[in-house]
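Worksheet for the structure shown next.
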Amino acid sequence: MILAEISALDQIVFPALSILLLIPVVAAIVLLARRHDKYAATIAIIASLAELALALLLWVKFVPDNADFQFVEKVGPIAGLGISYHLGLDGISMLFVPATAALSLFAVLYTDASVKHNVRGYLAALLLFEAVLIGAFMAIDLMLFLFFFAVEIIPSYILIAYWGTGAGKRAAASNYLTHMLLASAAILVGIVLLATNYASSADTALTFNYVDLLTTAPSGKTQTLIFFLICLGFAIKAPLFPLHTWMPKILEQGPVVGIGVFLVGIKLGTYGFLRFVIPLLPAAAQDWYWLMATLGVISMVYGALIALVQVNLRRVLAFASLSHMGVVMLGLFSLNFQGMQGGLLQMINLGITGAGLFFIAGFLFTRMGQPDVTRMGGLQGVAPVMAYPS
């Protein structure tokens, strides 16, 4: 597969993708530099609105029915390392950038009702979380993608450990850290093998450029090894059964909106399967589709059954999300256009509905002080608008 790239300067005149990265980072730095929380929410809201506006401008300027990467920015690669600052958007990643920006804005707007201490620190972590997620969706260089994938651990750990709502928030944060480091390590080994195999096969310099790597897939056992390494990392992140154990703890113990919206609403793990695993390792995907589809079915059924017996509303949503990830995986590893398109659509749909459900859970938790659905009788008295029949 050979893809072309359309430069940002040719398409939109200015480096829009870099600005998308800088807006939340600069806002986070400004917040951390302040000594008090006054105007912290205003700064974060302005930055989030600017981020969403720029994301929507890219949506308008994006050329549909074009498989090439658009708004491309590239610096490098670094001699001898093959790593470059390489950003771009195509029809897949374009869907996730505005969604991330919109969810970030809603999470920021909800801060006033959900966070009572060190608001500026919370908002700074939230904005950095947004920046690295958007960076991951825009990265064309695999090592740059992994950088964003790994750095995302830092703000998410901080959000869970310091602004979580459960007594076990620190343990949950450490558990999340362990799982994500394992995922990052597996992906790192996989993409290094992928890049070195390409350099050897094409007799060229080392590169992590996604567009270049698409042209030459590894062969035989090498491709299978790389497939399982990268799949392990993304299966942990998604998550899929039996690598899902970190997620119920995070969604139960972490800040209900700050971390819940992003983990349920933005599907970086399944995006990795669609973006990297299937296109870069097509033969292994064809050979082992049955295994991945089986894991999808198990996750789908197991998550749904466990969700049915939960009394904690946040754990209900956690296991429901696991079930939804199984549906997505089943679609992606059908390895046909309709199934992959359906899997992508399901990711976007879950980004909206899953985030919405966590906002509702947040509203209920704020009013009731606990997430136990068996003790939520009389909701109309504390949440009359939500209880009003449509």
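Only a single criterion out of (1) buried (at least 20 other Cβ atoms within 10 Å of the Cβ); (2) over 22 Å from G354 (Cα atoms); (3) of a type in the set (D, E, K, R) is not satisfied by E130, namely (2).
For (1) surrounded by 22 or more Cβ atoms within 10 Å (Cβ to Cβ); (2) among the aliphatic types (A, V, I, L, M); (3) touching a strand residue (DSSP E or B) at 6+ places or on another chain (Cβ under 8 Å), each residue gets a yes or a no:
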{"residue": "V311", "(1), (2), (3)": "no, yes, yes"}
{"residue": "G326", "(1), (2), (3)": "yes, no, no"}
{"residue": "M329", "(1), (2), (3)": "yes, yes, no"}
{"residue": "L335", "(1), (2), (3)": "no, yes, no"}
{"residue": "Q341", "(1), (2), (3)": "no, no, no"}
{"residue": "F363", "(1), (2), (3)": "no, no, no"}
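If the condition is being assigned to a helix (DSSP H, G or I) and either of a type in the set (D, E) or surrounded by fewer than 16 Cβ atoms within 10 Å (Cβ to Cβ) (or both), then segment 210-224 contributes D212, G220, K221.
Checked against (1) over 24 Å from F147 (Cα atoms); (2) part of a helix (DSSP H, G or I), L58 meets all criteria but (1).
One line per residue, one yes/no per condition, for (1) in contact (Cβ under 8 Å) with a residue 40 or more places away in the chain; (2) in a helix (DSSP H, G or I); (3) under 30 Å from L123 (Cβ atoms):
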| site | (1), (2), (3) |
| --- | --- |
| A235 | yes, yes, no |
| F241 | yes, no, no |
| D287 | yes, yes, no |
| V297 | no, yes, no |
| V301 | no, yes, no |
| A304 | no, yes, no |
| R314 | yes, yes, yes |
| V327 | no, yes, no |
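When segment 133-162 is filtered for residues that are at pLDDT below 90, among the hydrophobic types (A, V, I, L, M, F, W, C) and surrounded by 24 or more Cβ atoms within 10 Å (Cβ to Cβ), the ones remaining, listed by number, are L159, I160.
Of everything in segment 169-196 that is surrounded by fewer than 19 Cβ atoms within 10 Å (Cβ to Cβ) and closer than 16 Å to G82 by Cα, the residue that is farthest from the chain's Cα centre (by Cα) is T196. Take the conditions (1) surrounded by fewer than 18 Cβ atoms within 10 Å (Cβ to Cβ); (2) of a type in the set (S, T, N, Q); (3) at pLDDT 85 or above; T207 misses just one of them, which is (1). Would you please name the residue that is farthest from A136 (Cα to Cα), looking only at residues in segment 1-49 that are of a type outside the set (A, V, I, L, M) and in a helix (DSSP H, G or I)? Checking each candidate, the answer is T42.
Name the single residue, out of those in segment 1-18 being surrounded by fewer than 14 Cβ atoms within 10 Å (Cβ to Cβ) and of a type outside the set (D, E), that is nearest to A55 (Cα to Cα). So the residue we want is F14. Restricting to segment 76-100, name every residue that is among the β-branched types (V, I, T) and either within 10 Å of D141 (Cβ to Cβ) or out of contact with any strand residue (DSSP E or B) (no Cβ under 9 Å at 6 or more places or on another chain) (or both). Of everything in segment 76-100, those that are among the β-branched types (V, I, T) and either within 10 Å of D141 (Cβ to Cβ) or out of contact with any strand residue (DSSP E or B) (no Cβ under 9 Å at 6 or more places or on another chain) (or both) turn out to be I78, I83, I92, T100. Residue check: F71 meets all listed conditions (1) in a loop (DSSP other than H, G, I, E, B); (2) at positive phi but one, namely (1). Taking the numbered list (1) in a helix (DSSP H, G or I); (2) under 25 Å from M347 (Cα atoms); (3) in contact (Cβ under 8 Å) with a residue 60 or more places away in the chain in turn, G88 passes all entries but (1).
So, in segment 27-72, exactly how many residues are of a type in the set (D, E) and surrounded by 19 or more Cβ atoms within 10 Å (Cβ to Cβ)?
As a first pass, look at segment 27-72 and keep what is of a type in the set (D, E): 37, 51, 65, 68.
Subsequent filtering for residues that are surrounded by 19 or more Cβ atoms within 10 Å (Cβ to Cβ) retains 51.
Final tally of qualifying residues: 1.
Output yes when any residue across segment 108-115 is over 28 Å from V211 (Cβ atoms), in contact with a Ser or Thr (Cβ under 8 Å, 6 or more places away or on another chain), of a type in the set (G, A, S) and buried (at least 22 other Cβ atoms within 10 Å of the Cβ), and no when none is. No, segment 108-115 has no match at all.
Quick test for you: out of A320, A304, pick the one residue that is of a type outside the set (S, T, N, Q), under 20 Å from the mean Cα position of the chain (by Cα) and modelled with pLDDT of 80 or more. Step through it out loud before you land on a result.
On the way: A304 fails: under 20 Å from the mean Cα position of the chain (by Cα).
A320 is the lone residue from the list that is of a type outside the set (S, T, N, Q), under 20 Å from the mean Cα position of the chain (by Cα) and modelled with pLDDT of 80 or more.
Among the conditions (1) closer than 20 Å to K249 by Cα; (2) assigned to a helix (DSSP H, G or I); (3) β-branched (V, I, T), the only one that T165 does not satisfy is (2). Could we say that I45 is closer than 23 Å to K267 by Cα and modelled with pLDDT of 85 or more here? Taking the combined requirement at face value, the residue does not satisfy it.
The values are calculated or read from the model by the stated rules, or taken from the named source; none is laboratory data. Computed from a predicted structure; not experimentally measured. Quick reminder, even Gly has a Cβ in these numbers, built from the backbone with ideal geometry, and neighbours come from all protein chains shown.
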